[in-house]
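The values are calculated or read from the model by the stated rules, or taken from the named source; none is laboratory data. These numbers come from a predicted model, not from an experiment. Don't worry about glycine lacking a Cβ; one is built from the backbone with ideal geometry, like all the others, and counts go over all protein chains shown. Side chains are part of the model used for accessible areas, which takes the heavy atoms of the whole protein and leaves out ligands, DNA and RNA. Shrake-Rupley method; radii C 1.70, N 1.55, O 1.52, S 1.80 Å.
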Amino acid sequence: MPELSAAAGGPDVLLPPGSAAQREALEAARRLLGPQRVRLAGAEQDPGRLLGPNASLFRSRRVAAVLRPSGAEQVPALVELFSRSTESGGLHVISTGRNWGLGSREPAQDDVVVLDLGDLDRVRELDVDAGWAVVEPGVTQGHLSRLLAHTPRMANVTVSAAATSILGNALDRGVALRGQRTEDLVGLEVVLPGGESVTVGWWPSGERTAPVYPHGLGPSTLPLFVQSNLAVVTAAAIRLPARPEALRVVRLSFPPAALAEATDAVRRLVAQGLTRGVPRIFDAAAGRAYGGAEDEYLVHLPVDGTAESVEALTKILTAEAHRARVFTAISDSDATDTATPHHEVARLVERGYAGDPDLADTVFRTKMGVGADQVDSEAGFAFFLPLIPFSGKAVARASRLLDDVVAATGVRLSATLHLLSGDLIDCVVAMKFPRHGEAAARAHRALDLLHGSFAEAGFPPYRLDIDHADRRDATACDPGALALTRRLKAVLDPNGALAPGRYR
Ligand SMILES: Cc1cc2nc3c(=O)[nH]c(=O)nc-3n(C[C@H](O)[C@H](O)[C@H](O)COP(=O)(O)OP(=O)(O)OC[C@H]3O[C@@H](n4cnc5c(N)ncnc54)[C@H](O)[C@@H]3O)c2cc1C
């Protein structure tokens, strides 16, 4: 656990020049948590001093303090302190704060207090027979997967670093290799503005554990707390998928000119259930980290089940791929054949689909050029995350839109398509840029253009960075739905205890 240094001096000198209500709440928080768990901006209010740099070089927001409680039981009292007045500035919550490309630890707005839940890192309960765990915000995918090693269950892991939060990622609707993490959430322990703690959805209770079923009876409230500023989440009950007995990833390649045709061919394989989890298509830039051929797209099609079913499905998939006559390379043995040059990365990919994140962050380092702890200080990196329909036509259109932005700004983009179903693609557009002002300005300009042109094409984002919070309004299907969530906010959080975030 990183030690938090207490600023020297008495509270009168130290407290940031916020409102009287904020200073009062911070003084009470210092008494509650102890001074070593409250870092204050100090009178000079240097933006960026408390949170440090962020990988995307988004403007550092003015943050009055960072509170780092040691246990979930301290959170209700903290939330209550910031619920007393509209002048308290609001809390911005992070789990491990590694939301790289979308703002990292930064809040969307100035003058808030960051509530860092990284030290709430207990796996409270684990049932590998029934397939669930109760995890706190600081539980990382590396931590959970190590606990599940050699059990019949696995963690649904992302390709981000091993030290990222399961809960933080799920609350932002992150996408892991077995599916979108939101689908794993079956229950949440939430602290409402005012400080009341409630569990919503399914939750284990003593001896009487009902089957895992998140919806309950009547209206379901769990989804209200995802991409939301209605509560602080202090724990989640999550599903643990069954560990497959066997798993293989079939690799295909195709040239850029065949993008539409190859996408339609892959769609058929996905729609017919020949591949499971989240198959992925990488453009040449994204595929480089996975040993993809120069100037070719790379496809990963995971197959799992019993050894016999994997054998049979692999044969069917490769035969179908040959028949499609659009793929230039078709392979099902890269992870096992030590003679192939990308054997090691192919093995790591298969381990990931089987629930074991790359604990050494090997692929992550290849992509970022630095380790997880250096990303925010040494990398230049941003994400744009639109949804597109799964069709060759739509994917070709998206590719042209990316080309337009490259031509207009000179930034380098890479695209990975996460095939979420036979109808839906999460298109991950990543931008790496040198870490200086001019390059960052170009990347930010590219982000603005991407938001505009993809929205125009009917491809809205499903996650937002801190500079594009206004896009929620711009892409909403019905303004009435936005008004409804704002009415709920006004009822549940009349004093704005929880800071408006990227999804305000
Ligand atoms: C090379 C690379 C690969 C990546 N791969 C992936 C990938 O495969 N899939 C993917 O989804 N992302 C990926 N990312 C992006 C990012 O690193 C992950 O999404 C990461 O898990 C998010 O950071 P975190 O887990 O620390 O969450 P946090 O930063 O702690 O939380 C994310 C957001 O959720 C909200 N939140 C967090 N905790 C709480 C809480 N307790 N109560 C209420 N609200 C809360 C806040 O709005 C917060 O900003 C990748 C990034 C890089 C650089």
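For Glu125, the accessible area of its heavy atoms, probed at 1.4 Å with every protein chain present, is near 80 square angstrom.
Taking Cα atoms only, the orientation of helix 479-492 departs from the longest principal axis of the chain by about 40 degrees.
Over all distinct Cα-Cα pairs of the stretch 246-456, the Kirkwood formula returns a hydrodynamic radius of 17.9 Å. Mind checking which of Gly480, Ala149, Phe364 is farthest towards the positive end of the chain's charge dipole, using Cβ charges of +1 (Lys, Arg) and -1 (Asp, Glu) about the Cα centre? Of Gly480, Ala149, Phe364, it is Gly480. Note on surface exposure: Glu320, Glu261, Glu106 rank Glu261, Glu320, Glu106 by accessible area, highest first, 1.4 Å probe. With both labels modelled 7 Å from their Cα along Cα-to-Cβ, the Thr86 to Glu378 distance reads 4.8 nm. Annotation: amide H-H contacts under 5 Å for Tyr297 (H modelled 1.01 Å from N, sequence separation of 5 or more, or interchain): Phe254. Taking all Cα pairs closer than 8 Å and separated by 6 or more residues, the relative contact order of the stretch 123-239 comes to 29 percent.
Put a dot 7 Å past the Cα of Asp404, heading toward its Cβ, do the same for Thr336, and the two dots end up 4.7 nm apart. The long axis of helix 392-409 is offset from the longest Cα principal axis of the chain by roughly 60 degrees.
For the chain, the equivalent ellipsoid derived from the Cα gyration tensor has semi-axes of 39, 26, 21 Å, listed largest first. Based on DSSP H segments of at least four residues, each scored -39500 (n - 2.57), the chain has a per-residue ellipticity at 222 nm of -9000 deg cm²/dmol. The stretch between Asp478 and Ala242, if pulled fully straight at 0.36 nm per residue, gains 81.1 nm over its current Cα-Cα span. Using a probe radius of 1.4 angstrom, the carbon and sulfur fraction of the accessible surface of the chain is 52%. Assuming charge only on the beta carbon of Lys and Arg (+1) and of Asp and Glu (-1), the dipole of the chain about its Cα centre is about 460 debye to the nearest 20.
Once a ≥ b ≥ c are taken as the square roots of the eigenvalues of the Cα gyration tensor of the stretch 123-239, is the result rounded (a/c under 1.5), prolate (a/b larger than b/c) or oblate (a/b not larger than b/c)? The shape class here is oblate. Sorting Glu27, Glu207 on solvent-accessible area from highest to lowest, probe radius 1.4 Å, gives Glu207, Glu27.
Full extension of the chain between Leu488 and Glu344 yields a length gain of 46.8 nm, computed as 0.36 nm times the residue separation minus the alpha carbon distance.
For the stretch 123-239, a simple Cβ point-charge model (Lys and Arg +1, Asp and Glu -1, everything else neutral) yields a dipole of about 280 debye relative to the Cα centre. Residue order by solvent-accessible surface for Ile316, Ile330 is Ile316, Ile330, largest first, with ligands and nucleic acids left out and a 1.4 Å probe. The relative contact order of the stretch 312-393, computed from alpha carbon pairs under 8 Å that lie at least 6 residues apart in sequence, is 12 percent. Applied to the stretch 94-99, the Karplus parametrisation 6.51 cos²θ - 1.76 cosθ + 1.60 on θ = phi - 60° returns per-residue 3J(HN,Hα) values of 10, 9, 10, x, 9, 7 Hz, with x for Gly and Pro.
Determine, from the Cβ-Cβ distance of Ala130 and Ala312 and an R0 of 30 Å, the FRET efficiency 1/(1 + (r/R0)^6), rounded to the nearest 0.05. Rounded to the nearest 0.05, the efficiency is 0.50. Under 5 Å between amide hydrogens, built in the peptide plane, is the criterion, and for Val175 it picks out Arg181 among residues at least 5 positions away or on other chains. Tell me the relative contact order for the chain as a rounded percent, counting alpha carbon contacts under 8 Å between residues six or more apart. Relative contact order comes out at 17 percent. The stretch 25-41 and the stretch 163-235 have Cα centres lying 28 Å from one another. In a fully extended conformation the segment linking Arg146 and Ala319 would gain 58.6 nm over its present Cα-Cα distance, using 0.36 nm per residue.
Measuring r between the beta carbons of Thr362 and Ala20 and using R0 = 41 Å, the FRET efficiency lands at 0.20. Seen against the Cα atoms of the chain and their longest principal axis, helix 343-353 is set at about 60 degrees.
A straight line joining the Cα centroids of the stretch 466-504 and the stretch 400-452 runs 26 Å. Computed from point charges on the beta carbon alone (+1 for Lys and Arg, -1 for Asp and Glu), the dipole magnitude for the stretch 365-441 about its Cα centre is near 220 Debye.
The heavy atoms of Trp202 present about 10 square angstrom of accessible area, all protein chains included, probe 1.4 Å. Listed values for the stretch 367-379 are Karplus-derived 3J(HN,Hα) couplings in whole Hz (6.51 cos²θ - 1.76 cosθ + 1.60, θ = phi - 60°), namely 6, 8, x, 9, x, 4, 6, 9, 4, 5, 9, 10, 9, and x replaces Gly and Pro. The solvent-accessible area of Ser85, taken with every protein chain present and a 1.4 Å probe, is close to 30 Å².
Under 19 Å between alpha carbons, and skipping anything fewer than 8 positions from Lys393 in its own chain: which aspartates and glutamates qualify? Qualifying aspartates and glutamates at Cα under 19 Å: Glu261, Asp264, Asp283, Glu296, Asp403, Asp404, Asp423, Asp426, Glu456.
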